[in-house]
Amino acid sequence: MARLGPRAAAGAAAASAIGIAAVATSKVAGRRIVARTERRLNAVGRRPPYDVSEAALGLHRTLLVADLHADSLLWGRDLLVRSDRGSVDVPRLIEGGVALQALSASVRVPRHLDLDRNTDTSDDVTLIAVAGGWPRRTWRSPRARALFLAERARRMAAASGGRFTLIASRTDLSAYLERRRASPAITAGLLTIEGAAPLEGDPAGIDRLAEAGYRMLGLAHFVDNGFAGSVHGADKGGLTDAGRELVARAEARHVLIDLAHASSATVDDVLAVAKRPVVVSHGGLRSAFDSVRNLPDDQIRGIAATGGVVGIGFWPAVTGGDDVVSIARAIVRAIVVAGVGRVALGSDFDGAVPVPFDATGLPLLTEALMAEGLTPVAIRSVMGGNVFRLLRETLPRGD
């Protein structure tokens, strides 16, 4: 390597400093854009504090609350720090009494979303990855994005001082719950995938994602893919041969199949071949509110018959309203159809949908369920007990 003279060396150093400053400035500007976008898309109807009765707070403090879907990893926030954006971070989960929050990797989403029909010709997550300063390898690879988000979650858990634990096995779950009995001011996360894009067309790709800690797989998101049809897709078909192979491989790796966003044909096909419980991480019932995102009662009963659960969403396109009462009534309808042991929470916090409260407002839902006449035992099941039972039954042993 040739040596530079003093002036050339000084010039090179100055140019390098300018380049670093430009990159740093670009990253800061990009993250501000992502922050503004999140603030606009992840609207919360009413910000805390929330007024809740002493009776509801007393019951809520005894619950193991679990929520099956949030997209909080996507937006680049440090979830160990309380934010005034979105709905979820570790301090707010702890304040809301949340014992387990599923954190989804939603790594490919078409632009200009249409609930009825989308094609896989554009991708908004590329813009988030570039603007958010994600590693260059993630800019074009959905798999690299999912692995990056899993690593981000692991880094946060490692830096949390025990406040935040990732659950990937029954051993993890038992140890965490034992610790939480003595120190309730902690929370946990479960890594999930929304849509099969991270497999990049290869059913064997589930092995790498399972190794990274993912324990739930949504077969389709807003577009059809080589495995399954989406209810929002162009064709809305069912499972392909590759999709059947993927379901079998996922079940063998103790990865739950998630039918949120799946087409009607995909739901029927999965129910016909599943050997283990399947779930809807976030959605609802068409008999409660007629929406493309909600399933008919017969499919809800089919999911319940596998031993799985249906996570009821918190946003108007699922509940038919913009308040906590609408969520509670959607839950009550789900109990009537599926049984109290097969209903769960699936908020879709930080998922570009409006919700009536953030994670600290979950006692409001306990209060609303009490007002609907549910018993403490039923509330305990729906607010999280059913999810913890399912995880005890389906997670890998981990030893």
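The values are calculated or read from the model by the stated rules, or taken from the named source; none is laboratory data. None of these values were measured; they are calculated from a predicted model. Using ideal geometry, Cβ is built from the backbone for each residue, glycine included, and neighbour counts are taken over all protein chains shown. What goes into the accessible areas is simple: the full protein's heavy atoms, side chains included, and nothing from ligands, DNA or RNA. Shrake-Rupley method; radii C 1.70, N 1.55, O 1.52, S 1.80 Å.
Charged neighbours of Ala334, selected by a Cβ distance under 13 Å, balance to +3 (K, R count +1; D, E count -1). Under a 5 Å amide H cut-off, with hydrogens placed 1.01 Å from N, Ala344 pairs with Val310, Gly311, Ile312 among residues at least 5 apart or on other chains. Per residue, the convex hull spanned by the Cα atoms of the stretch 286-399 amounts to 116 cubic angstrom. Looking at the chain, the accessible area is 41 square angstrom per residue; that uses a 1.4 Å probe and ignores ligands, DNA and RNA. Can you list the chymotrypsin sites (Phe, Trp or Tyr not before Pro) in the stretch 172-251 that are in a DSSP coil and have 12 or fewer other beta carbons within 10 angstrom? For chymotrypsin sites (Phe, Trp or Tyr not before Pro) across the stretch 172-251 that sit outside H, G, I, E and B with at most 12 neighbouring Cβ atoms in 10 Å, the list is empty. In whole percents, the pair-distance distribution calculated for the chain from its alpha-carbon pairs, binned every 10 Å from zero, is 5, 24, 34, 24, 8, 3, 2, 1, 0.
Can you check what the net charge comes to around Ile300, using other residues whose Cβ is under 11 Å from the Cβ of Ile300 (Lys, Arg +1; Asp, Glu -1)?
+2
Computed about the Cα centre, the dipole magnitude for the stretch 299-352 is approximately 360 debye when only Lys and Arg (+1) and Asp and Glu (-1) carry charge, each at its Cβ.
Modelled label positions at Ala43 and Arg61, each set 7 Å beyond Cα in the direction of Cβ, lie 3.5 nm from each other. Rounded to the nearest 20, the Cβ-based charge dipole of the stretch 136-247 about its Cα centre (Lys and Arg +1, Asp and Glu -1) stands at 720 debye. Ellipsoid fit via the Cα gyration tensor, the stretch 36-97: semi-axes of 24, 14, 10 Å, each the root of five times an eigenvalue, largest first. Within the listed set Trp134, Trp315, Trp75, the residue fluctuating most in the Gaussian network model of the chain (springs between alpha-carbon atoms under 10 angstrom) is Trp134.
Dividing the summed -39500 (n - 2.57) terms of all DSSP H runs of n ≥ 4 by the residue count of the chain sets its mean residue ellipticity at 222 nm at -13000 deg cm²/dmol. Comparing Thr375, Ile312, Val292 along the charge dipole axis of the stretch 259-399, the residue lying farthest to the positive side is Thr375, per the Cβ-charge model. Shown for the chain: the carbon plus sulfur share of the solvent-accessible area, taken with all protein chains present and a 1.4 angstrom probe, equals 55%.
When N counts the residues of the stretch 121-238, how does its alpha-carbon radius of gyration compare numerically with 2.2 N^0.38 Å, as a ratio? Mind dumping the intermediate values first?
Working: Rg = 16.6 Å, N = 118, 2.2 N^0.38 = 13.5 Å.
For the stretch 121-238, the normalised Cα radius of gyration is 1.23.
With each pseudo-label sitting 7 Å past Cα toward Cβ, what's the Leu177-Asp241 distance in nm, one decimal? With each label placed 7 Å out from Cα toward Cβ, I get 4.2 nm. Antiparallel beta bridges, as assigned by DSSP with both residues in the chain, represent about 5 percent of the total such bridges.
Put a plus charge on the Cβ of each Lys and Arg, a minus charge on the Cβ of each Asp and Glu, and nothing anywhere else: the dipole of the chain about its Cα centre is then about 1520 debye. Taking every alpha-carbon pair under 8 Å whose residues sit at least 6 apart, the stretch 261-385 reaches a relative contact order of 23 percent.
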